[in-house]
1. Whenever you get a sec, compute what percent of the accessible area on the range 109-148 sits on carbon and sulfur atoms (1.4 Å probe).
2. Take the solvent-accessible surface of the protein heavy atoms, probe 1.4 Å, and return the percent of it on the range 161-305 that carbon and sulfur atoms account for.
3. Which distance in nm do the two modelled labels at residue 361 and residue 269 give, with both placed 7 Å along the Cα-to-Cβ direction?
4. Could you work out the per residue convex hull volume over the alpha carbons of the range 221-340, in cubic angstrom?
5. Write down the accessible area per residue of the range 165-284 in Å², having rolled a 1.4 Å probe over the full set of protein chains.
6. Would you work out if the range 187-259 is rounded, prolate or oblate? Take a ≥ b ≥ c from the square roots of the eigenvalues of the alpha-carbon gyration tensor; rounded if a/c is under 1.5, else prolate when a/b is larger than b/c, oblate otherwise.
7. Return the ratio Rg/(2.2 N^0.38 Å) for the range 99-246, where Rg is computed over Cα atoms only.
8. What distance in nm separates the two pseudo spin-label positions at residue 95 and residue 188, each 7 Å out from Cα along the beta-carbon direction?
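The values are calculated or read from the model by the stated rules, or taken from the named source; none is laboratory data. The shown structure was predicted, so the numbers you read here are calculated from the model rather than taken from an experiment. Here the Cβ is made from the backbone with ideal geometry for all residues, glycine too, and neighbour counts use every protein chain on show. Surface accessibility is based on the protein's heavy atoms, side chains included, excluding ligands, DNA and RNA. Shrake-Rupley method; radii C 1.70, N 1.55, O 1.52, S 1.80 Å.
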Amino acid sequence: MAQPPIRSTADVPGLTDALSGKADDSRFVGFTRLIIAESEPADPQDGDVWLQYEVNHAPAAFTPTVGSITDTGCTITAVTTDPDADSLTYKYQVLPAATAAPAADDASWATAAALTSPQAVTGLTQLTSYKAHVLATDGELGTVGSSASFDTAAATTLFLDDFDDSSLDSVLWGTSKTATPTITESGTTLAIAGNTASANDAALVYLKDKVLREATTYTVKAQSPDSGTGDAMFLSILQKATAPAIDTAANINNQLRLVVLQNVNDGVQKGRVWVYYKTSGGTWTCWSSGTWNTLGAYAYQGANATYYRAVLETTSTQFRILLKSADGTTTHLTTAWVDWTTVCANTDDMYLICGDPYNNANARDLTIDFISKA
């Protein structure tokens, strides 16, 4: 009859010495088979000595999977082919794409016994680039980390036009331009080009759906040119009973209610972003140094030829402006909320426009990556 397997050299007197060439023959007389294996042999025999071992190693490499992406959250799973997957423990977190993951012992990591089932992550920002970071640890043997990049969706997106075909969507957009400038959808961007200070050099696009006083977020991701004279107008609100159209500065300034623009001029003003609106008293008020001021101070020192996201958030009673980085992870400025009742002649005939509405003033070209309404 076979003897019970021996799981340790300490269970056999003299075996340790025998294996090292120092056997004491008076205590150890030999064995039929020496079996070294990860599991019990299938055919145990009398005299067998079975030494069981485990192969210890750091976890195998893996890639986390991000799913169920919404405007504010996602789920994370991590499936590994590691033979010891059942013994692994996990840590995970989601960070803006440009933020490096902290050390493995940082308290910010969430923990999970397993990531084969989706783990929910909440509190994210819409239309923002993130990375999901996951660490897998096998006791003291090592930790392996991996990440997966993703972008959150827009909040209940009413539309997102990324201008990825060759023609402007005439259902969403209207245009107005004089003879020389061009409005071109290239397959990746919408380019408004040829705007100068000369007469007949102006072009704009406008959203056909009017800007209503309701809970809505408009986002324009755009960049100015790197040189020239004038301002690149990222986002403006123009009030007019009929569709927006190129006109003189005197007429356009009577119609404008809100403007986000960037200086293109060489010199001290280059790259500066301005945010201002017209009050019910007919005066312009600009955002600067964390408050609304009389016109004359810029809101943010940016850089030309750099994408920014100009964001207009509206409610039934108020609005505010945000300026964000190209990927949406950094907010450069957030204005205080403004009551609609304090805005000049605020009827429902308000249009969102991008580009140059002036046929006799200095406004510059604009390249737009996407525009969304959510």
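1. Percent of accessible area from carbon and sulfur atoms in the range 109-148: 49.
2. 48 percent
3. Label-label distance for residue 361 and residue 269, simple model: 1.2 nm.
4. 122 Å³
5. Values: 4750 Å² over 120 residues.
Dividing the accessible area of the range 165-284 by its residue count gives 40 Å².
6. oblate
7. The value comes to 1.57.
8. According to this spin-label approximation, the distance is 2.9 nm.
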